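Report on one structure; see the data block that follows.
Values quoted throughout were computed directly from the atomic coordinates according to the rules given, and no laboratory measurement underlies them. None of these values were measured; they are calculated from a predicted model. Virtual Cβ from ideal backbone geometry, glycine too; neighbours counted across all protein chains shown.
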Amino acid sequence: MTSPAAQAEPDERLVARLQEGDDRALTQLYRRHARYIAGVARRLMGDELELDEVVQEAFIALRDRAHTLEEPGRVRSWLVRVTVRGATKRLEKRRRRRRLLAAQPPPRTTTDPVADHELRALFQVLEQVPPKLRVPWSLHRIEGETLPRTAELCDISLATVKRRIAKADARIRAALGREQEG
């Protein structure tokens, strides 16, 4: 159990201990700030599906980058900034996924059995697409990466990325077209 004196230890001192390699300091900072950080994340994201991950990532970042803190006494503000960036990234991914789903006519709703069937069909088709085509397609079409960034992430040329995405598009359209006819 933590002594009252340790609980009253200022953030600045806890950060200094963390910078010296004291993992107990991170635990104390977590106990002190995690609830607040989780509240910030919940209010930004609107749900709790990824809440634990966002909070965990903020404290992992603190552990890994404590030595870069310019104002150790403002660790809560630093954690909030990291949380805001993490939540923003996750919200952007959600937005891209919604755009992808919305691009598939008719619009997808969870109460529409036809739309649910079509969405399942898309994911079944994706399971059949070879990884060398699926990965660049997913990075570009789902994750929203640019073509040059996709090429970089896949460690292939821009021309190869374009060819692979085009092949994946053709396979997906053909498979979905055949399924809809059948």
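In terms of surrounding Cβ atoms within a 10 Å radius of their Cβ, Ile156, Ile60 rank from fewest to most as Ile60, Ile156.
In this simple spin-label approximation, Glu48 and Arg173 carry label points 7 Å from Cα along the Cα→Cβ vector, and these lie 4.5 nm apart.
Overall, the ratio between the Cα radius of gyration of the range 1-82 and 2.2 N^0.38 Å, rounded to two decimals, is 1.08. Charge tally around Ala16: other residues with Cβ under 11 Å, Lys/Arg +1 each, Asp/Glu -1 each, net -3.
If the chain linking Glu70 and Ala16 were pulled fully straight, counting 0.36 nm for each residue of separation and taking away their Cα-Cα distance, it would gain 18.3 nm.
Reported to the nearest whole Å, the Cα centre-to-centre distance from the range 1-79 to the range 86-100 is 25.
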